[in-house]
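Colleague: This is the structure I want to talk about, given as structure tokens.
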Amino acid sequence: MPPTVATVVYLVAGLLFILSLRGLSEQASAQKGNWLGIIGMVLAVAVSVAGLFGFERGEAEAAGATTNVLAVYGGAIALGALIGGFVAARVQMTAMPELVAVLHSFVGVAAVLVGLGTLQEAGAHIDLAHYVEVQLGVLVGAVTFTGSVVAFAKLRGTIGSRPLLLPGRHVLNLALVGGCLALAILGWGAPPDRSFSYLLGVTGLASLLGVHLVWAIGGGDMPVVVSLLNSYSGWAAAAAGFMLSNDLLIITGALVGSSGAILSAIMCRAMNRSIWNVVFGGFGAEPAKASATQAPAGKVRETNVAETAELLRTARNVIIIPGYGMAVAQAQHPIREVTDVLRKKGVNVRFAIHPVAGRLPGHMNVLLAEAGISYDLVKELDEINDDFSDTDVVVVIGANDIVNPSAVDDRASPIYGMPVLEAWKAARVVMLKRSMAAGYAGVENPLCYRENTVMLFGDAKKTVQSLLAALQV
Amino acid sequence: MDAPPRLKVGIPKETFPGERRVAATPTTAARIAKLGVDVIIESGAGEAASFLDGAYAEAGTAIVADAAALYAAADLVLKVRAPIETDHGHEVDRLKEGATLVSFVWPAQNRELLERLQAKKATVLGMDAVPRITRAQRMDALSATANLAGYRAVIEAAAHFGRPFGAQTTAAGRIKPARVLIIGAGVAGLAAIAAARALGAVVSAFDTRPTVREQIQSLGATFLQFEWKNETGEGEGGYARQMSDAYLEAEQTFIAQYAKQSDIIITTALVPGIPAPKLITSGAVVSMARGSVIVDLAAEQGGNCALTEPGSAVEKFGVKILGFTDLPSRMAPQASELYAATVVQLLELVLKDGKVTIDYDDEVQRGALIVHEGKITWPPPKLAIRAGAPAVGPTGTHKTAKEEKPVSPWPMRIGVALALPLLVILGLFGSPSLLEHMTVFLLACVVGWHVIWNVTPALHTPLMSVTNAVSGIILIGGLLLGRGRDLTVTTILGAVAVLLASINVAGGFRVTARMLKMFRH
């Protein structure tokens, strides 16, 4: 088998990955896209495993890998596929953000390991370009790894979602990057062992950087962070491609890297903030004091399940706005049933999804899909925002900042200018909430105090279940 | 020394024949007084609008016996109609020197009036000159008046029409609904559509501005599409503009063909500053069924119908043509309340510390200002005015324009500044293979960028998990480390990388497949 075969297969795999992502951009072609990705991956792995036998180097070197290596690598692939498949089949849809975060961290670790291995193998023969590639790959990989781990812990709730704002945190970040740079320079030309230790040092500093970067970001910005880490994992893979002179890794890494970057940009646009503001801003802690001074006038009107059921029964148009609260309470299934009951009665029930609702881009869509709600009923911000004025009842379930009218009319508000779902234009708004706490942005929501708003306090799932019971009577 | 005397705001009785409105109600008079001024009113000023002197007195407003006494005392005069010649001389001549006047002024049609006001060294704020911008909606007296006029036009039409508006099935046979054609869908036109629909009529509406189509349709009327070459009738500030003669002719023909089938025509077509366009020719009137009614809301500006006689109701060729110019005045109590409310809003803007102070930088005040201390300041300098939708009754909503943060050019510039030297270094010292990889890398970035942009937001999570699986391609990196070697530190590092990456690949694809299966119609 001439070595060009592997190159051609890699090229095909690269194309398949591009088509795969392309397919994923529309509902109709999404499943096909996933399959194209799988085929590409199988091809690429198969030809690489074949490479282990040394086929591509011609007969003279056909000795190939020893059976030991083959057994270890084969076992690693099999075990990994088994674990991955098992976890993916069992994971709860509400735990998707955590899963995505932890998978990102694996790519990060793998990039670090590949970097360490490459340096170890090359020893003193390494040229400068290659050396720089290794350092970069390890840096990005380590940041991805620890950043993802912290993101995972935040999403899990293991550590609080409040941003950790150390004094002089920008200086600290710069110092860490500078430290990596210094170690890399020291390691250049040093004996292989020393050089390797310096690379380990870079790994350590970059790991600290990853922890610190993500810890400083508030819970409400998690969708951006997760997609940003997605992007990093792509760049890490691309860096590995440079190290190993492998075009498939470079192509795939660049694809993933830029797609993650775009997703982050889309999320940021949905919050009317710049990416720098999200990554370095430590948003979510400072605005609290600004809002404390201006508690909205008016009083909160509370309602009960029976009244809400009556309201829904007599409505013609209903829009449901889900937020993170719905995910936490796992309320999507009873909501599906409520939707079915109401639609059977001829009520036009639809869902309005804000781009940054939840903790993962597209989180709400996945949960509603899981509950079996047709995606035709699920509308995006731009599609539905003009319809609120013709709507009889809006039900807000566990969402806060994304329906905050301050974003439109209060210049002083920290979220001013952010596109929001204009729920207040509906005749009636019912807000399901656990308590009167402010949202992740720490901003009071004047919507709670509007005259057409009533509050329904309690756990979202239990409330929706009793609502269902009341509707079925 | 005494404190300087407080500014006196005076409300005279309207002198225009048949005018029943008044520029302040007892409620708004009290609100004006709160601005730190004294309010006086001519005895009987509000009587025709059902506001009696007693009510004003109760609200704390001083009553003065006649117009002479009022004009002698008032520093600021509030009126509805523009000042006119009366038996006691021109109203402007009765103003105190240097006084302020707030009323409808119609400066474009009343050049001579402006000169008189100038001679009096007056300051004049025209309620009709308040710019039509979102912030000034609460002081938009024209819209408030037009709204009532549109409603009243339908009521007058119904009173003069020999049939009901709504359809009915009776024992004696079926009553067909009246067919109403509204020409001009401004505030008055839209109010007329709503009122005619409420009475049960079948309504169609015509306007040269294509942008009002949605508003017409939202009120349940049919929009009559008129297209002629590339001209549209959309002018500055959401008003209609003057059209060419050929256009007008085409328009007349178009309207004539619909006039034939209509029982009622209500015309509201006005272009600011010029006589109303004659849209309904006498030929079109002849073609209408006997007993039909035309209400010409543009009568005061000459009328949209060629046969309109401003101020009166006439019957021509069996068609009743109502050219009333006092429709708002026919609902004087309500019209006064609305007008008075807009006046208060404007006063709240210009009365500071009990004095009239005009802020030239405020486009609302600058727009309304017609004469300032004897200098004619009309027309105001041109401003870019947003073509705002006219407010439709109380449900009219407005969108706050979102401020776009200007994109700083610096990140781009810094990026270019960093990238350029890097490329130069690569070109000078880089190895050919590195450059090849760089090419592949940059092209792949561009491809990724373009492939992803149009993803539907609903698929963000599946997209993310599939890219996650795909980035497990780093598995190959691990495999490459193990190529052709025995177990060493390197190959073991590679094996761990392979293990982790395979978890990623399998998990990513599997969970994506699971999610995608859930999405369904």
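None of the figures in this text is laboratory data; all of them are computed from the coordinates on show. Treat the numbers as computed from the prediction; the structure is a model and nothing was measured. Cβ: placed from backbone, ideal geometry, glycine included. Neighbour counts: every protein chain shown.
Colleague: Using the alpha-carbon centroid of each, what span in Å lies between region A:146-162 and region B:175-228?
Modeller: Centre-to-centre distance over Cα atoms comes out at 59 Å.
Colleague: From other protein chains only, count the Cβ atoms within 10 Å of every residue's Cβ in A:4-14, then give the mean. Present the calculation step by step, with values, prior to reporting the outcome.
Modeller: Details: counts 0, 0, 0, 0, 0, 0, 2, 0, 0, 3, 4.
Per residue, the number of nearby Cβ atoms from other chains is 1 on average.
Colleague: If contacts are Cα pairs under 8 angstrom and at least 6 residues apart, what is the relative contact order of chain B in percent?
Modeller: Working: 922 pairs, mean separation 71.4, N = 521.
Result for chain B is 14 percent.
Colleague: Tell me, what ³J(HN,Hα) does each residue in region A:309-323 have, in order and in whole Hz, if you take phi through Karplus 6.51 cos²θ - 1.76 cosθ + 1.60 with θ = phi - 60° and put x for Gly and Pro?
Modeller: 4, 4, 4, 5, 5, 8, 7, 9, 10, 10, 10, 9, 10, x, x
Colleague: Run the helix sum for chain A: -39,500 (n - 2.57) per DSSP H stretch of 4+ residues, divided by residue count, reported at 222 nm to the nearest 500 deg cm²/dmol. Each step should come with its number before you reach the end.
Modeller: Working: 18 runs with 287 residues, N = 473.
The helix-only estimate for chain A comes to -20000 deg cm²/dmol at 222 nm.
Colleague: Can you tell me how region B:147-326 classifies by the Cα gyration tensor, rounded, prolate or oblate, using a/c under 1.5 as the rounded cut? Let's see the in-between values first.
Modeller: Numbers: a/c = 1.62, a/b = 1.37, b/c = 1.19.
Cα axes put region B:147-326 in the prolate bin.
Colleague: Further, regarding this structure: Return the distance in nm (one decimal) between the two label points of a simple spin-label model at B:Asp93 and B:Lys355, each offset 7 Å from Cα along Cα→Cβ.
Modeller: Those two pseudo-labels are separated by 3.2 nm.
Colleague: Roughly how many Å is it from the Cα centre of region B:262-316 to that of region B:340-378, as a whole number?
Modeller: 36 Å
Colleague: At a 10 Å Cβ-Cβ cut-off, how would you order B:Glu227, A:Glu26, fewest neighbours first? Could you put the intermediate results ahead of the total?
Modeller: Values: B:Glu227 10, A:Glu26 15.
In order of increasing Cβ crowding within 10 Å: B:Glu227, A:Glu26.
Colleague: Shifting gears a bit: Search the structure for amide H atoms under 5 Å from the amide H of B:His372, placed 1.01 Å from N in the peptide plane, and list their residues when 5 or more places away or on another chain.
Modeller: Here the answer is B:Val124, B:Thr377, since their amide H atoms fall under 5 Å of that of B:His372.
Colleague: Using the Cα gyration tensor of chain A, with a ≥ b ≥ c the square roots of its eigenvalues, what is the shape: rounded (a/c below 1.5), prolate (a/b larger than b/c) or oblate (neither)? Please report the intermediate quantities before stating the final value.
Modeller: On the way: a/c = 2.90, a/b = 1.78, b/c = 1.63.
Note, shape of chain A comes out prolate.
Colleague: If I model a spin label at B:Leu443 and A:Ala71 as a point 7 Å from the Cα along the Cα→Cβ vector, what separation in nanometres do I get?
Modeller: The two pseudo-label positions are separated by 4.3 nm.
Colleague: Listing A:Phe242, B:Phe429, A:Phe17 from the residue with the fewest other Cβ atoms within 10 Å to the one with the most, what is the order?
Modeller: On the way: A:Phe242 25, B:Phe429 10, A:Phe17 32.
Ranking A:Phe242, B:Phe429, A:Phe17 by Cβ neighbours within 10 Å, fewest first, gives B:Phe429, A:Phe242, A:Phe17.
Colleague: Okay, moving on. Report the equivalent ellipsoid semi-axes for the protein assembly as shown in whole Å, largest first, defined as the square roots of five times the eigenvalues of the gyration tensor built from alpha carbon atoms. Don't skip to the answer; put the middle values down first.
Modeller: On the way: eigenvalues 1035, 203, 153 Å².
Working through the eigenvalues yields semi-axes of 72, 32, 28 Å.
Colleague: What are the ³J(HN,Hα) values, in whole Hz, obtained from phi via the Karplus relation 6.51 cos²θ - 1.76 cosθ + 1.60 with θ = phi - 60°, for each residue of region B:203-212 in sequence order, with x given for Gly and Pro?
Modeller: 10, 10, 9, 10, 8, 6, 8, x, 5, 8
Colleague: Given the Cα-Cα distance of A:Arg411 and A:Ser197 and 0.36 nm per residue of separation, how much length would full extension add, in nm?
Modeller: Working: separation 214, 0.36 × 214 = 77.04 nm, distance 5.31 nm.
That pair, A:Arg411 and A:Ser197, stretches by 71.7 nm at full extension.
Colleague: Neighbouring Cβ atoms within 10 Å as the yardstick, rank B:Leu327, B:Leu125 fewest first.
Modeller: On the way: B:Leu327 24, B:Leu125 28.
By the 10 Å Cβ count, ascending: B:Leu327, B:Leu125.
Colleague: At 7 Å along the Cα-to-beta-carbon direction for both A:Ala124 and B:Ala72, put a label point, then send me their distance in nm to one decimal.
Modeller: Between A:Ala124 and B:Ala72, the simple spin-label model gives 11.6 nm.
Colleague: What residues qualify as long-range amide H neighbours of B:Val22, i.e. H under 5 Å apart, gap of 5 or more or another chain, H built at 1.01 Å from N?
Modeller: For B:Val22, whose amide H was placed from the backbone, the distant partners under 5 Å are B:Ser336.
Colleague: Which residues' amide hydrogens lie under 5 Å from the amide hydrogen of B:Val295, considering only partners 5 or more residues apart or on another chain, with H built in the peptide plane?
Modeller: B:Ile265, B:Ile266, B:Thr267, B:Leu322
Colleague: Of the cross-linked pairs B:Lys176/B:Lys278; A:Lys32/A:Lys379; A:Lys299/A:Lys379; B:Lys79/B:Lys320; A:Lys425/B:Lys34; A:Lys379/A:Lys462, which ones have a Cα-Cα span greater than 28 Å in the structure shown? Intermediate values should be presented prior to the final figure.
Modeller: Values: B:Lys176/B:Lys278 30 Å; A:Lys32/A:Lys379 23 Å; A:Lys299/A:Lys379 31 Å; B:Lys79/B:Lys320 33 Å; A:Lys425/B:Lys34 33 Å; A:Lys379/A:Lys462 25 Å.
In this structure, B:Lys176/B:Lys278; A:Lys299/A:Lys379; B:Lys79/B:Lys320; A:Lys425/B:Lys34 exceed 28 Å between Cα atoms.
Colleague: What does the charge count near A:Ser264 come to, summing +1 for each Lys or Arg and -1 for each Asp or Glu among other residues with Cβ under 12 Å from its Cβ? Could you put the intermediate results ahead of the total?
Modeller: Working: positive: A:Arg269, A:Arg273; negative: A:Asp221.
Local charge sum for A:Ser264: +1.
Colleague: Region B:433-478 to region A:358-416: how many Å between their Cα centroids?
Modeller: Between the Cα centre of region B:433-478 and that of region A:358-416, the gap is 29 Å.
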